[in-house]
Amino acid sequence: MMKRFLLLAILATAAPARAQQPATAARVEALLARMTLEEKVGQMTQVNIGVVATDSQPSPRDSIRLDRAKLREAIVTRGVGSILNTGEGAIPVAAWQSLIRQIQDVATKETRLHIPILYGVDAMHGHNYVSEGTVYPHNIALAATFNPVLVEQLGEVTASEVAATGVHWNFAPVLDVGRQHQWPRFYETWGEDAWLAALLGAANVRGMQRTGEVGATAKHYLGYNFSRSGRDRTPADVSVRYVREHALPPFRAAVREGIRSVMVNSGEIDGEPVHASRYWLTDVLRKELGFKGLVVTDWEDINFLHTRHRVAPTLKDAVRLAVDAGVDMSMTPLDYRFADDLIKLVRDNVVPMKRIDESVRRILTMKAELGLLDNPYPDPTLTARVGSSLSRALARQAAREAITLLKNDRRAPVLPLARTQRVLLTGPTAASLSALLGGWSYTWQGVDLRYYPKGIPTLADAIRRRAPGMQLVPADSLDAAVRAARQSDVAIVALGEEGYAEWVGDVVDMQLPPAQRSLASAIAATGTPTVLVLLEGRPRYITSLADSARAIVLGYWPGIEGAEAMAEVLFGEVNPSGKLPFTYAKAPYGIDLYDHKYTEELTGWGRDSAAIAPLYEFGHGLSYTTFRYGPPTLARPAITARDQQAVQVTVTNTGDRPGDESVLLFVRQLYGSLTPAVRRLRGVERVTLAPGQSRAVTFTLGADELSIVGRDGRNALEPGEYEVQVGGGKASFRVLAGQDE
Ligand code: BGC
């Protein structure tokens, strides 16, 4: 009910969708025909705001002061097509509007062809670069909601706030698939499953582009997460087949949604940097997926082909490689060497003008379709969109639906807490805002609280509101915390990670820091029931703590409303319903992916199966009520490749509280030409059930859901036996070969 209402409310306040201009192509061609080589290459150049500002590090809630001479050099002399970012941190909405107005003034009044600037920003979880903006839970938390409707709404509100600041290009959503949990950008992903990332990513793109005011960016194409080391921007040594199966689906889904741009992965796949890969950028993205929009590099990545990847002996070679591979715009972003080199390459007949025209056409088309050629100026009447109560309500709803109850001792459940209990709260994330919001929050790393809006509640604030006698003991006062635990009915130990972004968040050990482990163990050893609250961007190992904790609640990085939502869950005002969108592993080299192969779980012959088993499985998440699943039933015993199979299951709330349950359908191929996964997620439906209420949920499976990526890289539906698994029940059916039909 609430969901539908919210969406209508957003639509009512949104600007009307810009109609597709039939004249766009003609308009673009007319402009292109008048452009010089320098002007064309300028359009392909994107610089950072610091290049044109007097001070790229405005203090909190200040504005960015532009340097007129540098601005004119960039826009008039160099003719750059795009500028990005906010310098050091978030600026107020009025400062955004003024910034964009000044930039567009120069572009439209002082240049020969009056082409406006396409400004880009990283609004990754809400508009996190505007001082008044609402910061939502990160994608990994949104994935735990298994709720595409909500994810679509969040995309829509984010875009409406981005447009209100005068910006029409968002470098989001991240569509990387998080199969390497150690990776410091894991929290930006939708978890370890490509099918789920495609479902939720496409919903987010749909929301973000709904009104036509903002173009979304699918990033980082492709395989960025699969690094062997788990460190940012390090090589992925995986097969093309693996990338197609586990990285490509969300990008394919985004292209189907009409995503306007794609940002390239800074890393490499099988020895080839993606920025230099004609195969991935042109053969697959353009020819196979049919992408028509704009391909932008990531930060400085053309230079890095020379300086880091060493596939280009000079910067000029790097430019040639990237443009030949299919890059349309270079986030240079600090100088104009890209433009200088590209101009030379065209003059020397190394890069044909036809190739330049292709890219410029895409850039101008994006500008035209976003309405920039008609009116590039911010609309001050949209200011109130930023940080609206609707946005705040959605942030709370998202955090509520994401928070995942990993453990609640079955014999003596400690949760939900009673307000009358004597509560101790301790741990490094107990009073930390950065551990709620994570990276990309008002600043890049999300740790400079001077840029945060005032009044965001910490976990301590939210718990104290419910339990006024709560004792808060700082994490570094171990003895005091232990003493306080002895005098308390329950101890909440808040662990996890402060914000980080990109390589700054690299770790070489997934264990929580020793001090956190010692604190949690010492508190649990007092015998006072202990609740672990985890606020973290990735599943840091908690194996040594899980047995002694009576309850464990995972908040991910739940955003600006995360503390309140967590307190609501702890005190039972909200029934938890999040489920893990990844496997919570016990240790390195144990089972860390839910869709592993049979050979990974072989037991016997001296193998310690308990050691390799996950701590918590993908899809795990408890509730304060209980759900019973009936056996799954199938519409037919066998299907052909052209048919659809319907799977039905009835879910009943058998407890005494209303609750939401995400029903997850898994499929497995019993035998295949390539080793099958033990299961693959192929259906999701989130249902709300009153106590005693039942709902029949139906899933449809066809070739899209059942196919595998074959040896030749193509999707293939193999005949044979398939099993569906849902809520502990199973059923199987056959897929018939052509001759059996
Ligand atoms: C990140 C991108 C981001 C870009 C612009 C890069 O370092 O990898 O995700 O869009 O910076 O801020």
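I'm checking my understanding of the structure. Among residues of the range 499-516 that are away from the ligand (no atom under 16 Å from the Cβ) and surrounded by 16 or more Cβ atoms within 10 Å (Cβ to Cβ), which one is farthest from the chain's Cα centre (by Cα)? The residue in question is 516. Scanning the range 53-85 for residues that are part of a helix (DSSP H, G or I) and either over 19 Å from residue 376 (Cα atoms) or of a type outside the set (A, V, I, L, M, F, W, C) (or both) turns up 68, 69, 70, 72, 73, 77.
Restricting to the range 464-481, count the residues that are of a type outside the set (A, V, I, L, M) and surrounded by 15 or more Cβ atoms within 10 Å (Cβ to Cβ). Counting residues in the range 464-481 that are of a type outside the set (A, V, I, L, M) and surrounded by 15 or more Cβ atoms within 10 Å (Cβ to Cβ) gives 4. Restricting the range 53-85 to residues that are closer than 21 Å to residue 367 by Cα and under 30 Å from the mean Cα position of the chain (by Cα), the residue that is surrounded by the most Cβ atoms within 10 Å (Cβ to Cβ) is 81. Only one entry in 381, 404 is under 20 Å from residue 125 (Cα atoms) and either among the polar types (S, T, N, Q) or surrounded by fewer than 21 Cβ atoms within 10 Å (Cβ to Cβ) (or both), namely 404.
Candidates in the range 330-341 are the residues that are over 15 Å from residue 305 (Cα atoms) and not aromatic (Phe, Trp, Tyr); of these, the one that is nearest to the ligand (Cβ to nearest atom) is 334.
Residues checked against (1) buried (at least 18 other Cβ atoms within 10 Å of the Cβ); (2) closer than 29 Å to residue 508 by Cα:
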position	(1), (2)
212	yes, no
237	no, yes
281	yes, no
292	no, no
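No other residue among 686, 734 is in contact with a helix residue (DSSP H, G or I) (Cβ under 9 Å, 6 or more places away or on another chain), of a type outside the set (A, V, I, L, M), at pLDDT 95 or above and over 24 Å from residue 636 (Cβ atoms) apart from 686. Summed over the range 524-561, residues that are over 24 Å from the mean Cα position of the chain (by Cα) and part of a loop (DSSP other than H, G, I, E, B) total 8.
Per the listing 443, 426, the residue uniquely farther than 20 Å from residue 561 by Cβ, of a type in the set (Ser, Thr, Tyr) and surrounded by 20 or more Cβ atoms within 10 Å (Cβ to Cβ) is 426.
Restricting attention to the range 221-230, does a residue exist that is free of Cβ contacts under 8 Å to residues at least 60 places away in the same chain, within 15 Å of the ligand (Cβ to nearest atom), in a helix (DSSP H, G or I) and polar (S, T, N, Q)? Checked the range 221-230: at least one residue is free of Cβ contacts under 8 Å to residues at least 60 places away in the same chain, within 15 Å of the ligand (Cβ to nearest atom), in a helix (DSSP H, G or I) and polar (S, T, N, Q). Screening residue 480 against (1) more than 16 Å from the ligand (Cβ to nearest atom); (2) touching a residue at least 40 places away in the same chain (Cβ under 8 Å) leaves a single unmet condition, (2).
For residue 367, which of the numbered conditions (1) within 16 Å of the ligand (Cβ to nearest atom); (2) surrounded by 23 or more Cβ atoms within 10 Å (Cβ to Cβ); (3) among the basic types (Lys, Arg) fails to hold? Status for residue 367: all satisfied but (1). Any idea how many residues of the range 424-460 are free of Cβ contacts under 8 Å to residues at least 24 places away in the same chain and among the hydroxyl-bearing types (Ser, Thr, Tyr)? Of the residues in that region, 1 qualify. The single condition among (1) touching a residue at least 60 places away in the same chain (Cβ under 8 Å); (2) within 30 Å of residue 535 (Cα to Cα) that residue 40 does not satisfy is (2).
Scanning the range 588-642 for residues that are in a loop (DSSP other than H, G, I, E, B) and among the aromatic types (Phe, Trp, Tyr) yields a total of 5.
Report the residue count in the range 265-279 for those that are closer than 13 Å to residue 238 by Cβ and not β-branched (Val, Ile, Thr).
Qualifying residue count, the range 265-279: 6.
The lone criterion from (1) in contact (Cβ under 8 Å) with a residue 24 or more places away in the chain; (2) part of a loop (DSSP other than H, G, I, E, B) left unmet by residue 383 is number (2). Any idea which residue in the range 176-218 is nearest to residue 382 (Cα to Cα), counting only those that are touching an Asp or Glu at 6+ places or on another chain (Cβ under 6 Å) and assigned to a loop (DSSP other than H, G, I, E, B)? If we take residues in the range 176-218 being touching an Asp or Glu at 6+ places or on another chain (Cβ under 6 Å) and assigned to a loop (DSSP other than H, G, I, E, B), then 210 is nearest to residue 382 (Cα to Cα). Contact map, the range 281-305: residues that are in a loop (DSSP other than H, G, I, E, B) paired with residues that are within 16 Å of the ligand (Cβ to nearest atom) and β-branched (Val, Ile, Thr), Cβ distance under 8 Å, separation 6+ or inter-chain. Pairs shown: 291/259; 291/262; 293/259; 293/262; 297/264; 297/327; 298/264; 300/332. In the set 608, 592, only one residue is modelled with pLDDT under 95, under 30 Å from residue 675 (Cβ atoms) and crowded, with 19+ Cβ neighbours inside 10 Å; that residue is 592. Take residue 346 and decide whether it is farther than 23 Å from residue 118 by Cα, more than 15 Å from the ligand (Cβ to nearest atom), outside any loop (DSSP other than H, G, I, E, B) and not charged (D, E, K, R). Yes. The set of residues from the range 299-327 being within 24 Å of the chain's Cα centre (by Cα) and crowded, with 23+ Cβ neighbours inside 10 Å comprises 301, 327. In this entry, residue 80 passes the filter for residues that are in contact with a strand residue (DSSP E or B) (Cβ under 6 Å, 6 or more places away or on another chain) and within 16 Å of the ligand (Cβ to nearest atom). Return yes or no: is residue 614 surrounded by 15 or more Cβ atoms within 10 Å (Cβ to Cβ), modelled with pLDDT of 95 or more and under 26 Å from residue 588 (Cβ atoms)? Considered against the rule, which asks whether it is surrounded by 15 or more Cβ atoms within 10 Å (Cβ to Cβ), modelled with pLDDT of 95 or more and under 26 Å from residue 588 (Cβ atoms), residue 614 comes out as yes.
Taking the range 168-183 as the range and being touching a helix residue (DSSP H, G or I) at 6+ places or on another chain (Cβ under 7 Å) and either within 13 Å of the ligand (Cβ to nearest atom) or of a type in the set (Val, Ile, Thr) (or both) as the test, the residues that pass are 170, 173, 174, 175, 176, 177, 183. Looking for something under 22 Å from residue 368 (Cβ atoms) and out of contact with any Pro (no Cβ under 8 Å at 6 or more places or on another chain) - is there at least one such residue anywhere in the range 128-143? No, every residue in the range 128-143 fails to be under 22 Å from residue 368 (Cβ atoms) and out of contact with any Pro (no Cβ under 8 Å at 6 or more places or on another chain). Residues of the range 239-277 that are out of contact with any Asp or Glu (no Cβ under 7 Å at 6 or more places or on another chain), assigned to a strand (DSSP E or B) and under 17 Å from residue 289 (Cβ atoms): 261, 262, 269. Number of residues in the range 279-320 that are more than 16 Å from the ligand (Cβ to nearest atom), farther than 16 Å from residue 269 by Cα and not small (Gly, Ala, Ser): the value is 14.
The values are calculated or read from the model by the stated rules, or taken from the named source; none is laboratory data. These numbers were taken from a predicted model, which means no experiment stands behind them. Heads up, the Cβs are rebuilt from the backbone with ideal geometry, glycines too, and the neighbour counts pull from every protein chain shown.
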